[in-house]
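Working notes, beginning with the structure itself.
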Amino acid sequence: MAEPILPDYDSFDFFLHQNELPCTAAEIHGIICGCLAGGMPFQSGQWRKFVSEFALQEAELTDEVASKMQEIYKATYEQLLDPDFVFDVYIPRTEDIPLAEQAQMLIEWLAAFISSFGATVGERFANVDKEVREAYQDLIAISQMDTEMEESEENLIAFEEVAEYIRMTTIMCFSELGDKSGAQAAEPGAKPTLH
């Protein structure tokens, strides 16, 4: 099975901007990941409500925008299901982007994840595995991190470690709580392509 691929970050972010939506690609992905990692059923359309509430200030979505977000949703779900841990936090990671800007986008992603994960899990949180509860509390602490990072090897290593912790915690939450029943529904023929 081919690896599920998300659209190019900048292209999707520009697409959101073109459609005058008050959010970033990182926020949309963070919300979707929080829903999936929090145990929202794959076939549920509830994630769209959270995207609208948390990121779009209740803005109406055009069919084109909804379709593009559905692609992101499916590819993200397939990545979280992948046994090779191909899932990654959806932020641009090129060397020409200043570290402080990457850190800001990571925190944007994380804030969106925390909101939607918390809303999805709700009262079930008290019964969630202790390790998952502690990791989620860690994420809340990380979300308060200062993003004013100077360019240095030390800061870059620290940033990569934090990003990796967030990535693995998301996978762990999905592994513990996520709905695996849609594995067949997310069939290879419906994969989004790289634009």
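The values are calculated or read from the model by the stated rules, or taken from the named source; none is laboratory data. This one's a predicted model, so the numbers in the text were calculated from it and none came from an experiment. In this analysis, Cβ positions are derived from the backbone assuming ideal geometry, glycine residues included, and neighbour counts consider all displayed protein chains. The protein model used for the area step is the full one, side chains on, heavy atoms only, and it has no ligands, DNA or RNA in it. Shrake-Rupley method; radii C 1.70, N 1.55, O 1.52, S 1.80 Å.
A few comments on the model shown:
- Measuring r between the beta carbons of residue 152 and residue 3 and using R0 = 35 Å, the FRET efficiency lands at 0.60.
- Calculated FRET value between residue 67 and residue 129, using beta carbons and R₀ = 35 Å, to 0.05: 0.50
- For segment 83-130, the calculated P(r) over all alpha carbon pairs, in 10 Å bins from 0 to the bin holding the longest distance, is 21, 33, 32, 12, 1 percent.
- In terms of Cα atoms, the Rg and Dmax of segment 84-183 work out to 14.6, 44 Å.
- Accessible surface ranking that places the most exposed of 180, 130 first, with a 1.4 angstrom probe: 130, 180
- Dipole-positive endmost among 87, 28, 47 within the chain (Cβ charges, Cα centre): 47
- With viscosity 1.306 mPa s and temperature 10 °C, the Kirkwood radius over alpha carbon pairs of the chain converts through Stokes-Einstein to a diffusion coefficient of 93 µm²/s.
- Global dimensions of segment 43-144 from alpha-carbon coordinates: Rg and Dmax equal 15.3, 44 Å.
- Using the average count of surrounding beta-carbon atoms within 10 Å as a protection proxy, the listed peptides 31-38, 71-78, 99-106 rank, highest first, as 31-38, 71-78, 99-106.
- With K and R counted +1 and D and E -1, the other residues having a Cβ less than 12 Å from that of residue 28 yield a net charge of -2.
- Computed per residue of the chain from DSSP H runs no shorter than four, each worth -39500 (n - 2.57), the mean residue ellipticity at 222 nm is -19000 deg cm²/dmol.
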